[in-house]
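Data block below; observations after.
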Amino acid sequence: MGQTASRLGFGCSGPWGEIWFSENKALALIEQALQGGITHFDTGNFYGNGEAERRLGLALRRAFANGIKREALTLSSKTGTQKSGNRLYKDFTPETIKNDLRTSLERLGTDYLDIYYLHGPDEGEMNAALPLLQKFQSQNLIRKIGICSEPKFIAHAAARPEIDVIMANYNLLNQTMGPSLANAKNSGKQTISVASLAQGLYRKDFFTPRSLPDIWYLARALIKNRPQLGEARKLKWLHETEGWSAAQIMLAWTLQSPLIDLALINTTKPQHLAENITSARRKLPDGIMQKLAGSGDA
């Protein structure tokens, strides 16, 4: 039996949430995701300086007007990272977290979030903020508490009973979070991967961008993902696999990992979204899995 699109989540971030990317195209992608069976949508208060949350909220209002029930969806957002101009900084003070949650609920047009993440906290910031998030839970403003942070802090989060969900960068080309995710799974946490398709580093045309989103992804890779770029160049055979595209192989690998409960995807292209939904319903053959063994930096 294959997998299902219900194990996919749509990440409302990156180029999708930037003001220079067409709002109509962004909203159409959410509609396509819903039609394809995706019900989990993740965003953050600072993505696109708030534009990502606003756009997701607009898309959700349209969905609700068309009969989709709020309780049928899983909505998540984040606090802790702030943006001033082009500068990102951390702020986990109670007042900031309260303001972030209130703003997120208003933008998204909902009375509660299914998951609310602390974004990038260290151990001390995590410990200090958890009582406030538990208070939000008691007020029915959030359902689950999530953490996305560095491996050493994820290990700490896995041991905290207050934390329900762990989000981590995990894919074929970047498996450094594997031990931390294993600890989280053993502690009964839900695990969610970001960059589930390795941010497209394997694409043949990665170094020949044809659109603003393509340029955005290339710039990010050159700044943050040079080791994974090198690893991706070794996998040219991905493009020569009968019956599978390279993107489908990447996503199916993540979904078949026992460490991952749900994989987040992000795209600005309808054809890529359709391909992702298709791959979520397929299982990689043993032969491909064996060829992939040893890839990445686990």
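No value in this document is a laboratory result; all are computed from the given coordinates. Since the model is a prediction, treat every value here as computed from it, not as a measurement. Every residue, glycine among them, receives a Cβ derived from its backbone with ideal geometry; neighbour counts consider all protein chains shown.
Of all lysines in the structure, the ones whose alpha carbon falls short of 21 Å from that of Lys83, not counting any fewer than 8 places away in one chain, are Lys98, Lys224.
With the simple model of a label 7 Å out from the Cα in the direction of the Cβ, Asn140 to Thr93 spans 3.2 nm. What separates the Cα centres of region 233-250 and region 73-149 is a distance of 38 Å.
All other residues whose Cβ lies under 11 angstrom from that of Ala63 are scored, Lys and Arg at +1 and Asp and Glu at -1, for a net of +3. Net charge around Ala52, counting only other residues with Cβ within less than 13 Å of its Cβ (Lys, Arg = +1; Asp, Glu = -1)? Local charge sum for Ala52: 0.
Longest stretch of the chain clear of exposed loop sites (GluC sites (Glu not before Pro), DSSP loop, at most 15 other Cβ atoms within 10 Å, sites excluded): 1-161. Once fully extended, how much extra length lies between Glu123 and Gln271, figured as 0.36 nm per residue of separation less the alpha-carbon to alpha-carbon distance? That pair, Glu123 and Gln271, stretches by 49.2 nm at full extension. Gain on full extension, evaluated as 0.36 nm per residue between Leu132 and Asp286 minus their Cα-Cα distance, stands at 50.8 nm. On the beta carbon distance between Arg70 and Thr278, with R0 = 30 Å, the FRET formula returns roughly 0.65. Annotation for Arg226 and Ile19: the two label points, set 7 Å from Cα along the Cα-Cβ direction, are 3.3 nm apart. The Cβ shell under 11 Å around Gly80 holds other residues with a net charge of -2, Lys and Arg each +1, Asp and Glu each -1.
Here are labelled values, [x] 35; [y] 32; [z] 46, and one is the computed percent of Cα pairs over 29 Å apart for what I pasted. Which one? Entry [y].
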